[in-house]
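Everything below concerns the one structure shown next.
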Amino acid sequence: MSESDVQEGHRFPAPEQLAAQANVGADVYAEAERDRLAFWESAARRLSWAQEWDQVLDWSNPPFAKWFVGGKLNIAYNCVDRHVEDGHGEQVAYHWEGEPGDTRTITYAQLKDEVCKAANALLELGVQAGDRVAVYMPMIPEAVVAMLACARIGAVHMVVFGGFSSDALASRITDSGAVVVVTSDGGYRRGAPSALKPAVDEAVARTDSVRNVLVVRRTEQDVEWTEGRDLWWHDVVDRQSTEHTPEAFDAEHPLYIMYTSGTTAKPKGILHTSGGYLTQVAYSHWASFDLKPDTDVFWTSADIGWVTGHSYIVYGPLANRATSIMYEGTPETPHRGRWFEIIEKYGVTILYTAPTVIRTFMKWGEDVPAGFDLSSLRVLGSVGEPINPEAWLWYHKNIGGGRCPIVDTWWQTETGAHMINPLPGVTDLKPGSAQTPFPGISAKVVDDEGNELGDDTTGLLVLTEPWPSMLRTIWGDDDRYVDTYWSRFGTEVYFAGDGAKKDDDGDIWLLGRVDDVMNVSGHRISTTEVESSLVAHPAVAEAAVVGASDPTTGQGIVAFVILRGSAEDSGDELVQTLRTHVARDIGPIAKPRQIMVVQELPKTRSGKIMRRLLRDIAENRELGDVTTLTDSSVMNLIKDKLPANS
Ligand code: WT7
């Protein structure tokens, strides 16, 4: 298939054999349409409830939703114990692959024992239902065990991506009030041990809620030790009993907090609860990927520190009794074929990854995947940003062997689970479009006033009905929850922050963020967060940050800075210092691709920085309309300062 096929509207129909045996067929849309709540109710019945609900949805106080009101369940029991009770204890839950090549195989029975031991350990440390537990871990099985142990005893986990800085960890610990941090000495990245414990030590020293730090030994690096506070996982967890009776919690009991960037410098603690969340992640994992628990080998390549890891490495796959892959390291270690080697070795049948990874593979060339047997694959997934048709076609041909449907899934940390995506046994695929709202989901494209738009008109994406895995609030800040998501078009319409259009067939195309949030390699970073980090540096007086389109990462961070009069140096060295400063402050993913030192920034008469114009510069485009600038010569000044190639 070539790109011209796509331009001519070429579609990729569902493979016949897959369609004939698919978990869900086309009738699912009509069924959900007929009675949305009955549809979600039957999805909830795929789980095991200790007590049935009295009401499917309570939306009497929008935007505060309650799903499966009165129902009770234990999340860990649903993810682990019930499969063991059903005679599947010997089935592999995770094939874990460490970056150095060490491996572990964990069956459902073993996972149950580990989760019970960790739950007993947390109880021994005084953790109670409702308490928050921070998890700052590499991609090792104990990260999953820690999450499930929290869920089992009703504690709320708050996983912080291991690539985030001690600052980021400290502010999340403070905001959530975590009482325990689970971490490890380090993990392996790019062929070397990378330490985690020092960042925990720094973070905990600046917070006052943490009583204990539970440390898994992974890399054997030397670690600082605070007696009385720090405990080795192998000392405390290993000696616990493998028996623990799960207690049933309310369907709306908090399950986890996951921080994500918004339009201000302060990340938002997105709160997810239990029954509705597990219902939708489990159902969507089963329907979107056509997951067959007895035969599939499922791999989500994300890190557990992101929502993709929560929903599609941990909760969805385990609730569906999937066998999953968990890989610790980077795709190029020790060689560029590492992922393909893993697919071949374990016979991976479903691969769920991000467009930025596909574009990196494209750069490395098709010879790399061609060197491995990838014939086990049958369904492919994509998440994190729009997948450009070129990357879609490359993925389809070079990884999917031309036979695997690609399920492009649009969703967010806030939505908890898939919201707009094709179904692999149903949809005629259209490269580049996420296409269709998931069954039971109502998505629309509207103009600034909230009027629904017709074909091919660009507007804003909104969700017009509540859904089971929706966020319930922003931790500790109901007002911000209402303001951010439910005020633009009234309290019953969710504003996603994405631009979108519907084409002639009614398929939805996502067009990226419309707010000051960047998407770098599928990760959300706020321009304001990077700006405040830059101005915190003594050399910087003012900063403006934009996301400029980038062939590999989707967007790249480009910063414009005005230096203080006292700054001694304005050259390359300072630019490097500032880049490193941001990486240390927020995390390496926030390191600006480029920093330009300028004399002035373009501002409107009301003093707002015109990011649009800076984006034009960063993307090397003709400048747009400059008439609203206070001083239009500013742009010439900036352009004159630029190096020739940017
Ligand atoms: C933002 C959410 C969902 C887990 C990963 C990111 C963008 C995500 C797609 C897609 C187009 C996408 C949106 C969204 N996004 N998936 N398939 N097509 N855009 O989660 O960090 O909460 O970011 O990622 O802009 O709003 P997140």
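For a label point 7 Å from the Cα of residue 129 along Cα→C-beta, name the residues of segment 40-67 whose backbone N is under 18 Å from it. Of the residues in segment 40-67, 48-54, 67 have backbone N under 18 Å from the label point off residue 129. Under the simplified labelling scheme, the residue 234-residue 621 pair shows an inter-label distance of 5.5 nm, with each label point 7 Å from Cα along Cα→Cβ. Spin-label model, residue 535 to residue 397: label points 7 Å out along the Cα-to-beta-carbon direction sit 4.8 nm apart. At q = 0.05, 0.11, 0.12 Å⁻¹ the log10 of I(q)/I(0) for the chain amounts to -0.22, -1.15, -1.39, computed by Debye summation with a single uniform scatterer per C-alpha, solvent ignored. Summarised in one figure, the compactness ratio Rg/Rh of segment 300-430, Cα atoms and Kirkwood Rh, is 0.93. Of the residues 330, 604, the one with the largest accessible area comes first in the ranking 604, 330, computed with a 1.4 Å probe on protein heavy atoms. Calculated FRET efficiency, residue 464 to residue 51, Cβ-Cβ distance, R0 = 25 Å: about 0.25 to the nearest 0.05. Residue 10 contributes an accessible area of around 60 Å² to the protein surface, as traced by a 1.4 Å probe with all chains present.
Across segment 515-641, C-alpha contacts under 8 Å between residues 6 or more apart give a mean separation that, scaled by the residue count, equals a relative contact order of 21 percent. Centre-to-centre separation between the Cα atoms of segment 121-157 and those of segment 225-261: 3 Å.
Residues 144, 368, ordered by accessible area of protein heavy atoms at a 1.4 angstrom probe radius and largest first, appear as 368, 144.
Whole-Hz Karplus values for segment 573-585 come out as 5, 5, 4, 4, 4, 5, 4, 5, 4, 5, 4, 6, 5 Hz, taken residue by residue from phi with 6.51 cos²θ - 1.76 cosθ + 1.60 and θ = phi - 60°; glycine and proline positions read x. Only Cα pairs under 8 Å and 6+ residues apart enter the sum, and on that basis the relative contact order of the chain stands at 13 percent. The calculated FRET efficiency for residue 612 paired with residue 85, based on their beta-carbon distance and R0 = 45 Å, is about 0.20.
Relative to the current alpha-carbon distance between residue 572 and residue 488, full extension at 0.36 nm per residue lengthens the span by 25.9 nm. Extension gain for the segment residue 376 to residue 195, taken as residue separation times 0.36 nm less the Cα-Cα distance, is 61.6 nm to one decimal. Computed over protein heavy atoms with a 1.4 Å probe, the accessible surface of the chain works out to 37 Å² per residue. Evaluated with a Cβ-only charge set (Lys, Arg +1; Asp, Glu -1), the chain carries a dipole of roughly 620 debye about its Cα centre, given to the nearest 20. Kirkwood Rh over Cα pairs of segment 515-641 into Stokes-Einstein at 20 °C, 1.002 mPa s: D in µm²/s? In µm²/s, the coefficient rounds to 145. Averaged over residues, the count of other Cβ atoms within 10 Å places the peptides 590-598, 455-463 in the sequence 590-598, 455-463, highest first.
Multiplying the residue separation of residue 247 and residue 34 by 0.36 nm and removing their Cα-Cα distance gives an extension gain of 73.1 nm. For segment 517-559 versus segment 432-502, the spacing of their alpha-carbon centroids is 25 Å. So, taking all protein chains as they sit and a 1.4 Å probe, how much accessible area belongs to residue 345, in Å² rounded to tens? For residue 345, the solvent-accessible surface is approximately 120 Å².
Could you look at the chain and say what percent of its accessible area is carbon and sulfur, using a 1.4 Å probe and all protein chains? With neighbouring chains kept in place, the figure for the chain is 46 percent.
Ranked from largest to smallest solvent-accessible area, with a 1.4 Å probe on the protein heavy atoms, 563, 637 come out as 637, 563. Annotation note: chymotrypsin sites (Phe, Trp or Tyr not before Pro) in segment 221-264 located in DSSP loop regions with a Cβ neighbour count of at most 14 within 10 Å are 225. Applying the criteria of a DSSP loop state and at most 15 other Cβ atoms within 10 Å to the GluC sites (Glu not before Pro) of segment 313-375 yields 332, 366.
When shorter helices are ignored and each DSSP H run of at least 4 residues is given -39500 (n - 2.57), the per-residue value for the chain at 222 nm works out to -7500 deg cm²/dmol.
The values are calculated or read from the model by the stated rules, or taken from the named source; none is laboratory data. From a predicted model like this one, the values you see are computed outputs, not experimental measurements. FYI the Cβ positions are ideal-geometry reconstructions off the backbone, even for glycines, and counts take in every protein chain you see. Heads up: the accessible areas ignore ligands, DNA and RNA and are worked out on the full protein's heavy atoms, side chains in. Shrake-Rupley method; radii C 1.70, N 1.55, O 1.52, S 1.80 Å.
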